[in-house]
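Visitor: Before anything else, here's the structure in question.
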Amino acid sequence: MTASTLPAHIAIIMDGNGRWAVSRGYPRFYGHIRGAARVREIVQECRTLGVRALTLYAFSTENWKRPDEELSVLWTLLRKYIRREVSELKKNGIRLRVIGEWSRLPEEARRELGAAMETLAGGQEMDLVFALSYGARAELTDAVRKIASECEHGTLRSSEINEATVESRLWTSELGRFSDVDFMIRTSGERRLSNFLLWQCSYAEFDFPDTLWPDFTVQEFRRCLERYGARKRRFGGI
Ligand code: IPE
Ligand code: IPE
Ligand code: MG
């Protein structure tokens, strides 16, 4: 994989934890535990390869519909991940960001996430972005609200609104020139976006491996990247 065929921003919908567990006779939460272990490997691999931004869909606005017991396992796993990984992430120059309505998360999870983001704020090598309580429609609605409010206050004129105006009000704006997704992977064979990064994926390449997230190895990730490298991205040109 050469630098020119390596996606700068990879987004992953980590799907299939529940099915992985149930097909083995385990409760669904066990799939989340096994899935969390994969996060570490994929983050490390992206950093080694020189990927600039990795966005992981960990929890959608729609996932609030799930039973409380499942949600509490997810928050516990998130906190464990942060505690275990912060020093390694720091050593590797990785900056941690969160997109989504994460003020809805339980307080301890928010506190630990906030502290980890502060610790990792100086990371220059790669952005690791967790999408937590994230929904693209909520993000776009929020951007519209911000723009409308600026117009109301007279700090923005409607005639000046362009694509950059919208982009800079999205939650991904901190990623700067890497905010567009180059490569979107969804595991588990589902072929849908489930409300993930609608604006940012306008020109993304997509890959849908059948593998369930807890089985998604670095080797398989590399095969996805090879398929990406073989694509011709034309962006409307010839
Ligand atoms: C993805 O796995 C993880 C989260 C949504 C938190 P799922 O829990 O959706 O697993 P399946 O799709 O039911 O197998
Ligand atoms: C999308 O997966 C969200 C995450 C993987 C975090 P879901 O499993 O919630 O999506 P649907 O319900 O299959 O569309
Ligand atoms: Mg799912």
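Visitor: Distances over 14 Å make up what percent of all Cα-Cα pairs in the stretch 149-209?
Guide: Details: 1172 of 1830 pairs.
That fraction is 64 percent.
Visitor: Using alpha-carbon pairs under 8 Å, 6+ residues apart, how would you state the relative contact order of the chain in percent? Walk me through the numbers before you get to the answer.
Guide: Details: 366 pairs, mean separation 68.3, N = 238.
Value for the chain: 29 percent.
Visitor: Please give the charge dipole size of the stretch 20-130, origin at the Cα centre, charges +1 on K and R Cβ atoms and -1 on D and E Cβ atoms. Round to the nearest 20 debye.
Guide: Values: 20 positive and 15 negative charges, 48 e Å.
For this selection, approximately 240 debye.
Visitor: What ³J(HN,Hα) values, in whole Hz, does the Karplus curve 6.51 cos²θ - 1.76 cosθ + 1.60 give for the stretch 198-211 when θ = phi - 60°, with x put for Gly and Pro?
Guide: Karplus values, whole Hz, x for Gly and Pro: 4, 5, 5, 8, 3, 10, 6, 8, 10, 9, 10, x, 6, 4.
Visitor: A further question follows. Tell me which lysines have Cα within less than 26 Å of Lys91's Cα, excluding those fewer than 8 residues away on the same chain?
Guide: Those lysines meeting the cut-off are Lys80.
Visitor: Take Arg234 and Ala148, extend 7 Å from each Cα along the Cα→Cβ direction, and tell me the distance between the two endpoints in nm.
Guide: Between Arg234 and Ala148, the label points sit 3.9 nm apart.
Visitor: Relative contact order for the stretch 1-96: what is it in percent, counting Cα pairs under 8 Å that are at least 6 residues apart? The partial results should precede the final answer.
Guide: Numbers: 66 pairs, mean separation 30.1, N = 96.
With pairs under 8 Å counted, the relative contact order is 31 percent.
Visitor: Against the globular-protein guess of 2.2 N^0.38 Å, express the Cα radius of gyration of the stretch 10-148 as a ratio, rounded to two decimals.
Guide: 1.07
Visitor: Restricting to Cα pairs below 8 Å that are 6+ residues apart, what does the relative contact order work out to for the stretch 108-238? Please round to a whole percent. The partial results should precede the final answer.
Guide: Details: 86 pairs, mean separation 26.7, N = 131.
Computed over the stretch 108-238, the figure is 20 percent.
Visitor: Here's a follow-up. Pick from Gly25, Gly135, Gly114: which residue has the top mean-square fluctuation in a GNM of the chain where Cα pairs under 10 Å get a spring?
Guide: It is Gly25.
Visitor: Can you pull a Stokes-Einstein diffusion coefficient for the chain at 10 °C (1.306 mPa s), Rh from Kirkwood over Cα pairs, as a whole number of µm²/s?
Guide: Values: Rh = 18.7 Å.
Approximately 85 µm²/s, per Stokes-Einstein.
Visitor: Ratio of the stretch 116-238's C-alpha Rg to 2.2 N^0.38 Å, to two decimals?
Guide: On the way: Rg = 17.4 Å, N = 123, 2.2 N^0.38 = 13.7 Å.
Rg over 2.2 N^0.38 Å, computed on Cα atoms: 1.27.
Visitor: Which Cα, out of Ala58, Trp75, Ser4, lies furthest along the positive dipole direction of the stretch 1-90 (beta carbon charges, K/R +1, D/E -1)?
Guide: Trp75
The numbers here are math on the coordinates, done by the rules we state, and not lab data. Every value quoted in this text rests on a predicted model; they were computed, and no experiment measured them. Please note: Cβ atoms are built from the backbone with ideal geometry, for glycine as well, and neighbour counts cover all protein chains shown.
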